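Structure first, then comments.
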Amino acid sequence: PTLLLIPLLRVMAVNDMAVPALQVSISLNKVELSVGESKFFICTAIGEPLRLEWYNPQGERIVPSKRMALHTETSRSRLIIYNAIIEDAGIYRCQATDSSGHTEEASVVLEIFQRLTFKDVQSPQEFRHGETAEVVCDVISSPVPVVVWYYQDKEITEEHYSKFQLLPNNNLLIHQVTKADEGVYRCEASVEARGEIDFIDIAVVVNVPPVLSVSQQSFNATADYQESVTFTCITSGSPDPVVTWHRKGQQLEPSEQYFFSKLEGGRSMLTVRNIRQGDGGTYSCRATNKAGSQERELFLKVFVQPHITLLKNVTAVEGSAAMISCVAEGEPLPEISWRRASDGQTFVDGDKSQDGRFEVRGRHGKSVLAISGVRLADLGRFDCEALSRIGGHQKSMFLDIEYIPKFLTNHTIFYSWEGNPVNISCDVMSNPPATMLWRRERFTISAEGTANTRVHSAEGKSVLEVTPTSDRDFGRYNCTARNNIGVRYQEFILAQADVPSNPYSVRLSAVSQRLATVTFMKPDSHGGVPISYYLVQYKEVGSQDWRDVKSHSVQTTVVLTGLEPNTTYEVRVAAVNGKGQGEFSHTETFQTLPIREPSPPAVHGQRGMGKAYRLGLVKQDDGGMPIVEYIVKYKTDKEEQWMTKLVPGANDFAMLQPLQWNTRYEVEITARNVKGLSEPTFYQFFMPQKPDITAESLFSGLGLGAVVGLGLGALLLLLVLVDISCFFLRHCGLLMCITRTICSKKTATSGKGKEMEEGKAAYLKLPLKEENGKESLKPDTIEIKVHSDNSIHTKPDDSKA
């Protein structure tokens, strides 16, 4: 059988074959890597290397870590660097050493660079109209990038420097920025050496101070006429200004007398209601935004002002004409004008729109706005304003448009099958609301439905639920929508769904003893209904029992498991949708691989404790049957007789012991399954010289229990020494307590008399402390007795403390 993995090290035959010269090579010579990327390098040795080692740019041998991983075989080693940083740059060396101590090495140069990175660039960036604007674009890379600015898809070059200036820090300076300079600026950075380029779009917003105007500055009114006057203030600026109204130095707030409103086009309005004589005077309109503020004054003089007496809402039919009348009175007789709220367009007496549909005719305080060919876009509010030299009055009306029903969807074909319900939706927009009904071959389907149809209705929507029971239920259905303006029809088709066509191009891949992967192409037709899954059937040739495997969702790859080795199978595929299962594809035949001897195991070694060596076993292809055991034979390079060790196939290592110090060993490992033995894998390792007897080696030979016992013994000895020191120097400690206990039994009477005579005994009551440092509220205390020899005895005072 073909070897799937080259053995790490083969034992040379005992003949005098020439040993190949040791050569080392690395897959790459020079690599550029950006910060944060990962890379691997493969070092290959030709000859008989004993070991392969990697060294970093600092000359230190590389050991595996989270960021640097090593995968080493006998003549091949892979170094992986994850998430590279600048400090990883330099020359990496791979060194091979053979059994004679001869070394060869190869190197690879790793260069780390910083990719283009934009740091916290804000967008949008706002500036005030007229000031010098500095658009910030903070970008870093190594080497330093070249930055180019673009505006309106054109590069900002020297000819623009009267307006623009590129700063050394790559920012863009715009002199006397205006609203015309507002837009999206592109900051593009590139590193020519790497061909790297990136950009970021920055929105520049120019805040323009408010510009305030009033369409009418002076107003007249009549006192006690229960009328109102409306001040209109037109503002512009960026951002939109906030408008406030003031009178006599005070800001006006909404009330029964003051009403505020805002219309499109920057129009802000203040309505003063129920005008009295004291309401005359100056009113101020103040507009404020980020860029500044502006204020204008308006004047109200209280006389008789115009008054609109007639203005009503109007309803018109789409395509017809509408007549809107506004009647006003006042002295002098006011002029009447119209304003369309949707776009702010105004019309006065004699005006006619460009399309000729709007025309104003007025006479003696009455104005008529005539609209021909009314459209849906005309729907909305219209303002009538009556003005004279002493004031003005404004009222609003609403123009409502009625129109024939309009269907909102073009989805008119639906698919189903017998027994499967389907919803056919008819969506309509109309004014007034339309009544909707369904027809089938000139027959009306009632709202209650039939045996296999039901109607669900809502405003502007009617859903016909059909459950086909035969071919007659398929065909055309008609939705009719009707209101007092007209009637419209929409036809729907209920088509009969079919099962999918058969998949094709069935292929088998990755066939082994127990597994096979089936791939295929989707069918040309899904039958009008989405495919639910694919059914893969397979069986042994000659068998009549097909086994089923469903695909995951609509994936076109299915893995067959549990196959028998060296067996011929047939496989076919069918698609399944809601209607059912389609036809099977063409049947394909394949044969699983036969059972064979396993492939040679891969081996890696690691020195164990003491005179042991741990030999790692990596299972390769088992040939279709489990590995029963590994046969490990080993001997010294000076002996002829092999020692044999049998290792169960479930194990992943073999421990060789006891071994001799300062000796080279040869190993031969063979895997066995029920079919037979694999080719052997050869391996060599060297046991070092016997280590010196040091503290480290002494402790390393002891078990965990022995080390803990020695530590406790040392601690106990230290405590005894401290206690003896306290006994002689401080007259305290455990030994002192034992001595006093023994002595006190002999001299209890004399001791008590001495204490009374000297008068040096005292008792202190100390409150107990809780764990948090607060005094306990319990009456428990500790009695402390102070003797003349400065020793202290404590005992509980009738407490549990």
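The values are calculated or read from the model by the stated rules, or taken from the named source; none is laboratory data. This is a predicted model, so every value here is computed, not measured. Methodologically, a virtual Cβ is constructed for each residue, glycine included, from the backbone with ideal geometry; neighbour enumeration extends over all protein chains shown. These area figures cover heavy atoms from the full protein model, side chains too; ligands, DNA and RNA do not enter into them. Shrake-Rupley method; radii C 1.70, N 1.55, O 1.52, S 1.80 Å.
General observations
- Inter-part distance, segment 511-546 to segment 62-125, computed on C-alpha centroids, equals 47 Å.
- A dipole drawn for segment 602-687 from +1 and -1 charges on Cβ atoms has a positive end, and of 632, 661, 674 the residue lying farthest that way is 661.
- Charged-residue dipole, Cβ positions (Lys, Arg, Asp, Glu), the chain about Cα centre, Debye nearest 20: 1920 debye
- Expressed per residue, the C-alpha convex hull volume of segment 23-114 stands at 76 Å³.
- Other residues lying with their Cβ under 10 Å from the Cβ of residue 199 contribute a combined charge of -2, Lys and Arg counting +1, Asp and Glu -1.
- Label zone at residue 225, where the point sits 7 Å out along the Cα-to-Cβ direction: segment 368-389 residues whose backbone N lies under 14 Å: 386-389
- Helix runs (DSSP H) in the chain reaching 27 Å along axis by Cα, Kyte-Doolittle at least -0.5: 704-729
- Burial order of peptide ranges 305-317, 622-634 (average beta-carbon count within 10 Å, highest first): 622-634, 305-317
- Given in Å, the Rg to one decimal and the Dmax to the nearest whole number for the Cα atoms of the chain are 49.3, 138.
- Local net charge near residue 523, Cβ-Cβ under 15 Å (Lys/Arg +1, Asp/Glu -1): 0
- Radius 12 Å from Cβ of residue 151, net charge of other residues (Lys, Arg +1; Asp, Glu -1): -3
- Furthest towards positive pole of dipole, 469, 415, 429, structure part segment 408-496, Cβ charges: 429
- Segment 119-207, dipole about Cα centre (Lys/Arg Cβ +1, Asp/Glu Cβ -1), debye to the nearest 20: 140 debye
- Ellipsoid equivalent to segment 323-418 - semi-axes via the Cα gyration tensor, in Å: 41, 13, 10
- Per residue, the average separation of C-alpha pairs within less than 8 Å and at least 6 apart gives the chain a relative contact order of 6 percent.
- Rolling a 1.4 Å probe across the protein heavy atoms gives segment 23-114 an accessible surface of 52 Å² per residue.
- Toward the positive end of the charge dipole of segment 119-207, with +1 on the Cβ of Lys and Arg and -1 on the Cβ of Asp and Glu, the farthest Cα among 193, 147, 135 is that of 135.
- Counting only protein heavy atoms and a 1.4 Å probe, segment 119-207 has 56 square angstrom of accessible area per residue.
- Solvent-accessible area, 1.4 Å probe, carbon plus sulfur percent, for the chain: 52 percent
- For segment 343-377 versus segment 448-496, the inter-centroid distance based on Cα atoms is 44 Å.
- Per the Debye calculation on segment 408-496 with a single equal scatterer at every Cα and no solvent contribution, log₁₀ I(q)/I(0) for q = 0.24 Å⁻¹ amounts to -1.27.
- Accessible area of residue 178 in the full protein assembly, 1.4 Å probe (Å², nearest 10): 40 Å²
- C-alpha center-to-center spacing [segment 236-305, segment 717-743] in angstrom: 96 Å
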